[in-house]
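Heads up, the thing below is written out as structure tokens.
The values are calculated or read from the model by the stated rules, or taken from the named source; none is laboratory data. Quantities reported herein were computed from a predicted structural model and do not represent experimental measurements. Heads up, the Cβs are rebuilt from the backbone with ideal geometry, glycines too, and the neighbour counts pull from every protein chain shown.
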Amino acid sequence: MSEFLDIALSFPPVVFSFGLVVVVLYWITVIIGALDVDIVDVGDAELDAGGFWSAFGFGAVPFTVVLSLWIILGWIVTVLGTTWVRSADMFIPPALTGTAVLVAGIGVGMLGAKLLTKPLGRLFEDAPATAHADLVGRVCVVRTGTVTLDSGQAEITDDEGSLLLINVRRSPHEPEGLDEELFARHSKVVVFDYDEVEKVFLVVPVAFPPGLVMES
């Protein structure tokens, strides 16, 4: 184990090791729902770097997916390459071998990410597009701990019967005195509008207290 850590924290694997930790933490937070991931509007998360990225075939895949694959593959290549160099019975200057392994990691990582994202690109292209207006008026279920003015996610069903995870927020114009439990995890809320600026859905509780009226 100590030998593995020594390799992982040496040059060049260390270039990808810290990135790998960030990638793992990112996807863990996505899985538990602590980060906002707008699945409805995938285009907002796509790469927007012009012809350079498009030439590599990354234009139709979310940036986080491409970067994650690139870092993971680059880390694997540099760890294996460094292990092979250390076990080889020949003398090569460390700076030279390290640079060569790093270049291989970057190149193979990019190529591998392109090959793996091709089918994903078709998946995103073929996915039925759901207009934001189609979701207004629908009931959804809160999946984060709560919904606030700044954060929150909910699960909703589109016209195709697919479950979508959307970013939801409470309205700054909602009446005072609403019970916080109405926005807790597993609570049902209704989408009443879409904020084009913030790109989030505004929701109110299904069990809206009588006598309270939303301000415009």
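Taking first residues from the stretch 160-184 that are farther than 23 Å from VAL197 by Cβ and partners that are part of a loop (DSSP other than H, G, I, E, B) and at pLDDT 85 or above, the Cβ contacts under 7 Å between residues at least 6 apart in sequence or on separate chains come to GLU180/THR146; ALA184/THR146.
Here GLY145 does not fit the description of being at pLDDT below 90 and in a loop (DSSP other than H, G, I, E, B).
Inside the stretch 182-200, residues that are β-branched (Val, Ile, Thr) and out of contact with any Pro (no Cβ under 8 Å at 6 or more places or on another chain) make up a count of 3. Restricting attention to the stretch 159-184 and to residues that are under 25 Å from THR29 (Cβ atoms) and touching a Leu at 6+ places or on another chain (Cβ under 9 Å), the residue that is surrounded by the most Cβ atoms within 10 Å (Cβ to Cβ) turns out to be ILE166.
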